[in-house]
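The values are calculated or read from the model by the stated rules, or taken from the named source; none is laboratory data. Given the structure is predicted, the values throughout are model-derived calculations rather than measurements. Glycine also receives a Cβ, built like all others from the backbone with ideal geometry; neighbour counts cover every protein chain displayed. For accessibility, only protein heavy atoms count, side chains too; no ligands or nucleic acids. Shrake-Rupley method; radii C 1.70, N 1.55, O 1.52, S 1.80 Å.
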Amino acid sequence: MFEIGPLLIQAFTYARQFLTTLGATPLQAVVGIKFLQTTLTISIILAIPLFLVYAERKISAFMQARLGPMHTGPWGLLQTPADTIKLLFKEDIVPQGADRLLHLLAVILAAAPVFVCFAPVPWGTGFPLINLDTGILFVFAVSGVSTLGILAAGWGSGNKFSMLGGLRGAAQMVSYEIPRALSVVPVVLFYSSLNLQTIATAQMERWHGWMPKWFIFYPGIGQIAFIVFLIASVAETNRIPFDIPEAESELVSGYHTEYSGMKFAFFFLAEYVYVFLSSALVTTLFLGGADGAAFLPSWMWFLGKTLLIVFLFLWFRWTFPRLRVDRLMQFCWQFLLPLALVNIVLTVGWMMCKTPSQDVLPTQAAIPSSEMHGSPDDAGLTKAVEK
Amino acid sequence: MTLPLGIFYALSALMIGFSLVVVTSRNLFRGAMCLTASMGFVAAFFALLGGDFLAASQLLIYVGGVMVLILFVVMFVQTPDLFRARQTSVRWIPALLLAGGVGALFIRAFCHIESPTELPVLQPTSTALGHLLLGDMAVPFEVISLVLLAALVGALVFGLERES
């Protein structure tokens, strides 16, 4: 089948040899190749919002019995590039009362982590990804930096609406990060690895020869973890029904009210790329990553599943009304968090029933879940594992 | 000078620079942002020394959690004095003496330490860390989680008090 991964590895090997023949030392050649790979990845990531914005416009239009953009290019395909060009030419306005440095820094802080987060994502077999041992933890850690961008945007704009948006955004993202991380703990416990590549490959087996052994198909625990992770991911990306940081009817447009031109575009870029990243994580953790039947190459399976979850995100946006601020917090702390904790206990129980042998302890207990968040359940959890 | 050593010095210079801004800037929000940056550089040091799990945790907890909360509080208590807060203490002479003394002690102590000339090869640490935390170090680990539990219960008590 048409696998891109091995081809890319081959190409990069040739490129390294070519650099060496040009007189570069091995270290210089490796650095050069890394630079090339990074540039390639960033270009691909920059193209994602172009497609997602178009998809969002079209899907929302179809859901409301409209046609959406139709005039720029065939079926309005060139609408997003045209809008990007428009944004490039727009005047960059900084309000008088703004903190000029923070106003600029906010954009960078919000958009820069996006590109780093894609480093450990396993796109398919043989892709030259960075095989990070701390994969999922790394993604959570780096994507958390974007919260600072929203806070800085809220403060740096010198506008009360922006400020309120920034405050809401910070409260929401810090709260929802906890159930999001805890919902991944069952997956991490099950495959006893934080490495996204390992988690994806571990799901490539079959039950009875046909049923895929993806984590979502484990009765009970798989579905709960999936739902909690999906809801928390929608909240993390600040999209409707969790878009209180930029609620149009309440806050003009929240933390990015005072941004125009490309600065505004970068906030949007960050949002859409995070939608894609969350979908890619859902695919890796719950849907078996690049696993699938052999008639399509693995990277196509990965992309297909990811786009399916992206569609879910868009569907939510045009279906649900916005939550009120207090209900939003209540939902997180009183529903999602307990659910995620109960799920961890259930998973540990399941694993102890399945493998009551002695050797399960050292390998399975190797994931210090409480390193991420000191939850009250950790003491109980570790004791349960020790028994 | 080798490449890791160069990176180390560059990171140190940046971190010291940002920390200096934290204690000299009169703008509280900017100061907090610079403190966030120095926290990030601590993560970079961990990564440089081969502690990949520690670096990610540092970023997750300090940059994405603690510092966001600090900034949150700064935004909430926004008053005009935030922008011209005096950065020098009234008793700055004893403070300077104390800081200088501690600094001298540190320099004296670290002069005697044989530092490894070779940096460790970056390899996975999470498995070893897990074995340690649930094996030899299980008791301290449990005690630390008790401290966190107490903090959580305390937060809950304060929260309930305000509601009633």
Residue among B:Ser38, B:Ser12, B:Ser19, B:Ser57 that is open to solvent by 40 Å² or more (accessible area, probe 1.4 Å), of a type in the set (Ser, Thr, Tyr), free of Cβ contacts under 8 Å to residues at least 40 places away in the same chain and part of a helix (DSSP H, G or I) = B:Ser19
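Which count do you get for residues in the stretch A:282-333 that are of a type in the set (Lys, Arg) and open to solvent by 60 Å² or more (accessible area, probe 1.4 Å)?
Here is the first cut: in the stretch A:282-333, the residues of a type in the set (Lys, Arg) are A:305, A:317, A:322, A:324, A:327.
Restricting the remaining residues to those that are open to solvent by 60 Å² or more (accessible area, probe 1.4 Å) gives A:322, A:324, A:327.
Count: 3.
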So, first residue closer than 17 Å to A:Trp333 by Cβ in the stretch B:138-157, second residue modelled with pLDDT under 85 and open to solvent by 60 Å² or more (accessible area, probe 1.4 Å), Cβ within less than 7 Å, six or more apart or across chains; the pairs are B:Leu149/A:Pro376; B:Leu152/A:Pro376
Criterion violated by A:Pro122 - all others in (1) farther than 30 Å from B:Leu28 by Cα; (2) part of a helix (DSSP H, G or I) satisfied = (2)
Of all residues in the stretch B:52-66 being at the interface with chain A (Cβ under 7 Å from one of its Cβ atoms) and of a type in the set (A, V, I, L, M), the one that is farthest from A:Leu137 (Cα to Cα) | B:Val63
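Hey, any hits in the stretch A:209-217 for a residue that's of a type outside the set (A, V, I, L, M, F, W, C), in contact (Cβ under 8 Å) with a residue 60 or more places away in the chain and farther than 19 Å from A:Gly144 by Cβ?
First, pick out the residues of the stretch A:209-217 that are of a type outside the set (A, V, I, L, M, F, W, C): A:209, A:212-213.
Now drop any that are not in contact (Cβ under 8 Å) with a residue 60 or more places away in the chain, which leaves A:212-213.
Keeping just the survivors that are farther than 19 Å from A:Gly144 by Cβ gives A:212-213.
Yes, there is a match, as at least one residue in the stretch A:209-217 is of a type outside the set (A, V, I, L, M, F, W, C), in contact (Cβ under 8 Å) with a residue 60 or more places away in the chain and farther than 19 Å from A:Gly144 by Cβ.
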Residue count, the stretch A:75-112, condition within 14 Å of chain B (Cβ to nearest Cβ) and farther than 18 Å from A:Gly149 by Cα, comes to 1
For the stretch A:1-39, which residues satisfy the criterion of being in a loop (DSSP other than H, G, I, E, B) and under 23 Å from A:Ser298 (Cα atoms)?
-> A:Met1, A:Phe2, A:Glu3
Enumerate the pairs (first residue in the stretch A:238-266 and at positive phi; second residue anywhere and open to solvent by 10 Å² or more (accessible area, probe 1.4 Å) and assigned to a helix (DSSP H, G or I)) with beta-carbon separation below 6 Å, excluding pairs fewer than 6 apart on the same chain, so at least 6 apart or on different chains.
-> A:Val252/A:Phe161; A:Gly254/A:Glu246; A:Gly261/A:Leu87
The listed residue being in a loop (DSSP other than H, G, I, E, B) and surrounded by 13 or more Cβ atoms within 10 Å (Cβ to Cβ), out of A:Ala65, A:Ala106, A:Ala98 = A:Ala98
Counted residues, the stretch A:261-281 - those being over 15 Å from A:Val142 (Cα atoms) and over 8 Å from the mean Cα position of the chain (by Cα) | 10
Could you look through the stretch A:248-273, keep only residues that are open to solvent by 20 Å² or more (accessible area, probe 1.4 Å) and either touching a Cys at 6+ places or on another chain (Cβ under 7 Å) or part of a loop (DSSP other than H, G, I, E, B) (or both), and pick out the one that is nearest to A:Ile85 (Cα to Cα)?
-> A:Ser260
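Looking at the stretch A:120-138, which of its residues are open to solvent by 30 Å² or more (accessible area, probe 1.4 Å) and in contact (Cβ under 8 Å) with a residue 12 or more places away in the chain?
Taking the stretch A:120-138 and keeping what is open to solvent by 30 Å² or more (accessible area, probe 1.4 Å), we get A:123, A:125-132, A:138.
Residues satisfying the conditions are A:Trp123, A:Thr125, A:Gly126, A:Phe127, A:Pro128, A:Leu129, A:Asn131, A:Leu132, A:Phe138.
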Sort out which residues of the stretch A:319-340 are modelled with pLDDT of 85 or more and of a type in the set (A, V, I, L, M), and write them in order of number.
-> A:Leu328, A:Met329, A:Leu336, A:Leu337, A:Leu339, A:Ala340
Looking at (1) modelled with pLDDT of 85 or more; (2) out of contact with any helix residue (DSSP H, G or I) (no Cβ under 8 Å at 6 or more places or on another chain), can you tell me which one A:Ala55 breaks?
-> (2)
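Residue by residue, here is whether (1) at pLDDT below 75; (2) of a type outside the set (Gly, Ala, Ser); (3) more than 25 Å from the chain's Cα centre (by Cα) holds:
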{"site": "B:Ala99", "(1), (2), (3)": "no, no, no"}
{"site": "B:Glu114", "(1), (2), (3)": "yes, yes, no"}
{"site": "B:Val121", "(1), (2), (3)": "yes, yes, no"}
{"site": "B:Thr125", "(1), (2), (3)": "no, yes, no"}
{"site": "B:Pro140", "(1), (2), (3)": "no, yes, no"}
{"site": "B:Ala150", "(1), (2), (3)": "no, no, no"}
{"site": "B:Arg162", "(1), (2), (3)": "yes, yes, yes"}
Flagged in the stretch B:41-54 as free of Cβ contacts under 8 Å to residues at least 24 places away in the same chain and either within 11 Å of the chain's Cα centre (by Cα) or on the phi > 0 side of the Ramachandran plot (or both), in numbering order, are B:Ala43
Select from the stretch A:150-191 the residues that are outside any helix (DSSP H, G or I) and surrounded by fewer than 24 Cβ atoms within 10 Å (Cβ to Cβ) and write down the one among them that is farthest from the other protein chains (Cβ to nearest Cβ).
-> A:Asn159
Within the stretch A:17-57, can you find the residues that are surrounded by 14 or more Cβ atoms within 10 Å (Cβ to Cβ) and over 28 Å from A:Pro113 (Cα atoms)?
-> A:Leu19, A:Thr20, A:Ala24
